[in-house]
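This report refers to the structure that appears directly beneath it.
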Amino acid sequence: MSDEKRVIIVGGGLAGLMGAITACENGCSVDLVSYVPVRRSHSVCAQGGINGAVNTKGEGDSPEFHFDDTIYGGDFLANQPMVRDMCYDAPKVIYLLDRMGVTFNRTAEGLLDFRRFGGTLYNRTAFAGATTGQQLIYALDEGVRAWEARGKVRKFEHHSFQSIIKDGNNNCRGIVMTDMHSMQNMALKANAVAICTGGIGSIFGKTTNSVICTGSAAARLYQQGVWYANGEFLQIHPTAIPGTDKNRLISESVRGEGGRVWVPKKAGDTRRPADIPMAERWYFLEEKYPAYGNLVPRDVASRELFDVCVNQGMGIGGRWEVYLDVSHIPNDVLHRKLAGVLEIYEKFMGEDPYNGPMRVFPSMHYTMGGLYIGYGAETSRKSDLPENWDHYQHMSNINGLFAGGEADYQYHGANRLGANSLLSCLWAGRVLGPQMAAYIAANSALGECSDADASAHVKQQDDAYAAVRKMDGSENAYRLQAELQENMTKFCTVVRNNDDLQKLDVKLDELLDRWDSINLHDASTTSNQEIIFIRELRDRLLLSKVIARGALNRNESRGAHYKPAFPERDDENWQKTTIASYDGTRNPQFSYEDVDISLIKPRKRSYKAASHGGQETK
């Protein structure tokens, strides 16, 4: 590796694949490490589309309006320079994907078609039916395979990230990973590492996330000294369907194409929806938010659904459900634009969504928080960061360790707008390649990772696995997981109260104590899923403490973080990024950093009036 620029990218979703392509384009060789085959990465589940102000419909949309909607939608908690760059690059990203072969929907004139998503008044979401993520993953994987054929990419699928390798000067020099078939730990050396491991849904159990979204990689890095930022900000998607294993997303695109949310005006009404006349239906989002209607941002919609069902008792038949209705939309439009998502509902609920309304309720969906990364500018924490840290974008507080996609915290503030996720993943990948190449060029004097450093880190993981193999207590790991998920969902999602959060923190300590008494049932030495699960469970418990305590500390309501006891946004005290660092045992230590609001002046966030690039109209 002495003369080779080699990078490791952990995660094979959109951010990881785009990062691999751009790293190769910038002269690097790439080791791509993935928990599953890359085409099974969670990005494949994205349904609705990707944002970019292309303005093919002549509405007067622009990247500046997209930028304002994103900052406003995130309740002014995102650092603005990188968000601006992302929004201005978005049209180029969409045209790049089009050239790569993504089968976007088109208008009758042959132009790219765009639909509306939440938090904007413009049609700026490009889409491929209701399977956009799948089409993007397939196109990018083909791009990576081209580099793989040239010998520039090596894939390590079915490998689980365990730790980074750090030298004596706290530089990241590679990773330790586990072959999930042989259960052998091995070191990979590199000049730079990028973490693109996605979300943390397993902390909350029944979420719209894939079960592979364990949060373990972020938690391992947190334990190795990487800062975790804004952990308390979690997105609850307003429309999902429950399952025995997980919840399943009903995309915002359904509302973007004209789907309407309603409940019967009479509490406990047990009539079939077809028997309830229009005059007896309560379209509560349209009534309360006439400018945006059913396309208010997700945090707003989820709180309204929660209030209608839980507080007012107006859910369908008294249950925690509302109707999402597309039966008024012509079938040919539904088949052309929404077939993928409607098929999911039909398959898992056994009901026909074309001729009757769907039943939905909010579900944990996304984390705005993530690994702390920079944006090429100095911050108030300069003295705590590596030398020349501000020269690079997307680098964490560990020299040579980068992050992108849902794994980082940078772009969405206190609430993510729908269809900005795919954009932020792909934009991050476009940034990672050249930034890692620039870092390697500037740090060539570091040389190759030593065998001693690599072996020491492998031994740490060997010892950790050996300790789990000896566990013979009385606790069942899967029961502890169920208790974690139940308590996190109950106390730390749509509505938060300090008394409940304090109880949650105590419960997390109890679960950590009980983790020490787990009994390992599977003694097999190959393909042992239980031993991986047990280790990841402790990671989730530690990261849950970051989320719970961060939420407890933040006494305001901002975006997805809502406390009835503190119902207003408090810019004076809380327009700050939360930064959690690990104390070496189990407790997070918190510090705060001012948010860069240099480009758009904060204003009150309300969706009862229309907003056009910061100009509110009635």
In whole percent, the fraction of accessible protein surface over the chain that belongs to carbon or sulfur atoms, probe radius 1.4 Å, stands at 48
Among the listed pairs LYS206/LYS288; LYS57/LYS601; LYS152/LYS459; LYS57/LYS92; LYS382/LYS576; LYS382/LYS507, those beyond 24 Å (Cα-Cα): LYS206/LYS288; LYS57/LYS601; LYS152/LYS459; LYS382/LYS507
So with the 1.4 Å probe, I'd like the accessible area per residue for region 131-249, rounded to whole Å². 29
Under the definition of Cα pairs under 8 Å and six or more residues apart, what whole-number percent is the relative contact order of region 102-242? 11
Against the empirical 2.2 N^0.38 Å scaling, what ratio does the C-alpha Rg of the chain come to? 0.93
At the level of C-alpha centres, the distance separating region 30-47 and region 271-333, in angstrom, is 34
Whichever aspartates and glutamates have a C-alpha closer than 15 Å to that of LYS189, once near sequence neighbours (fewer than 8 apart) are set aside: ASP3, GLU4, ASP31, ASP167, GLU448, ASP451, ASP453
Counting helices only, and only those DSSP H runs with n ≥ 4, report the 222 nm mean residue ellipticity of the chain as the sum of -39,500 (n - 2.57) divided by its residues, in deg cm²/dmol to the nearest 500. -11000 deg cm²/dmol
Placing +1 on the Cβ of each Lys and Arg and -1 on the Cβ of each Asp and Glu in the chain, which of VAL263, TRP389, PHE76 has its Cα farthest towards the positive end of the resulting dipole? VAL263
Filtered hits (lysines, Cα-Cα < 16 Å from LYS563, offset >= 8 within chain) -> LYS490, LYS503
When only alpha-carbon atoms count, how far does region 113-179 stretch along each of its three principal axes, as whole angstroms with the largest first? 52, 32, 20
How large is the charge dipole for region 313-449, taken about the Cα centre, if only the Cβ atoms of Lys, Arg (+1) and Asp, Glu (-1) carry charge, to the nearest 20 debye? 160
Per residue value of the accessible surface for region 479-561 (all protein chains in place, 1.4 Å probe), Å²: 36
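Tell me the trypsin sites (Lys or Arg not before Pro) within region 237-336 that lie in a loop according to DSSP and have at most 16 other beta-carbon atoms within 10 Å.
LYS265, LYS266, ARG271, ARG319
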Pairwise over distinct Cα atoms, reciprocal of the mean inverse distance: report the Kirkwood radius of region 202-332 in Å, one decimal place. 16.8
Kindly state, as a whole number, the per residue volume in cubic angstrom of the convex hull around the alpha carbon atoms of region 528-570. 73
Taking every Cα atom in region 559-618, find the radius of gyration and the maximum pairwise distance Dmax, and write them in Å. 16.1, 53
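The values are calculated or read from the model by the stated rules, or taken from the named source; none is laboratory data. Owing to the predicted nature of the structure, the values given are computational and were not obtained by experimental measurement. For neighbour counting, all protein chains shown are included, and Cβ atoms are generated from backbone atoms with ideal geometry for every residue, glycine included. With ligands, DNA and RNA removed, areas are computed over all heavy atoms of the protein, side chains included. Shrake-Rupley method; radii C 1.70, N 1.55, O 1.52, S 1.80 Å.
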